[in-house]
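A quick write-up on the structure given underneath.
The values are calculated or read from the model by the stated rules, or taken from the named source; none is laboratory data. A quick note: this is a predicted structure, and the numbers were derived from the prediction, not measured. We place every Cβ from the backbone using ideal geometry, glycine too, and count neighbours over all the protein chains shown.
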Amino acid sequence: MAKHGFNNDEQEAYVQKILVRFSNPYLPDTVNRVGRAPLRKLSRHERFIGPAAELAERGVVPEALLGAIAAALRFTDPADAEATEPGRNPAFRHPRGGHSQDHRP
């Protein structure tokens with residue numbers, strides 16, 4: 001918010017607007033579409049790592065972004081080459097074993 005000069009009220013209004021948009025049944029957004037291309041989305045100047053680094057540089061722990069980054073690293077989709085690569089790396093496995101998207105018994 002500080003980078004772009006938004007105040008808390010403006011940020012909260014934006015959050016509420018987006019939550020309404022996500023709840024619109026006529027604008028479906030599948031998990032696979034949102035999660036696809038995780039390696040690109042996790043690159044330095046994209047939507048997760050870039051803002052997290054900027055917050056860290058300001059002395060703020062980007063807790064919500066770190067949670068989102070962890071989820072992106074655990075996401076797997078056999079139809080997306082980028083979403084299968086992290087799943088093969090043991091460093092990206094779900095802490096309880098398997099993958100976060102693995103629903104096999």
Exercise. Got a number for residues in the stretch 47-73 being touching a helix residue (DSSP H, G or I) at 6+ places or on another chain (Cβ under 7 Å), part of a loop (DSSP other than H, G, I, E, B) and either more than 20 Å from VAL15 (Cα to Cα) or at pLDDT below 90 (or both)?
Worked result: 1
Exercise. Do we find that ALA83 is on the phi > 0 side of the Ramachandran plot and in contact (Cβ under 8 Å) with a residue 24 or more places away in the chain in this structure?
Worked result: no
For this session: Scan the stretch 48-60 and give yes if some residue there is under 25 Å from ALA79 (Cβ atoms), within 12 Å of the chain's Cα centre (by Cα) and in contact (Cβ under 8 Å) with a residue 12 or more places away in the chain, otherwise no.
Result: yes
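Can you name every residue in the stretch 34-47 that is free of Cβ contacts under 8 Å to residues at least 12 places away in the same chain, surrounded by 10 or more Cβ atoms within 10 Å (Cβ to Cβ) and charged (D, E, K, R)? Break it down into steps so the answer makes sense when it comes.
Let us first name the residues in the stretch 34-47 that are free of Cβ contacts under 8 Å to residues at least 12 places away in the same chain, namely 34, 43-47.
Still in the running and surrounded by 10 or more Cβ atoms within 10 Å (Cβ to Cβ): 34, 43, 46-47.
Residues satisfying the conditions are GLU46, ARG47.
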Seminar exercise, completed: For PRO25, the lone unmet condition from (1) more than 16 Å from the chain's Cα centre (by Cα); (2) surrounded by 12 or more Cβ atoms within 10 Å (Cβ to Cβ); (3) at pLDDT 80 or above is (2)
Exercise. Which residues, taken from the stretch 61-75, are under 11 Å from the mean Cα position of the chain (by Cα) and exposed (fewer than 13 other Cβ atoms within 10 Å of the Cβ)?
Worked result: ALA64, GLY67
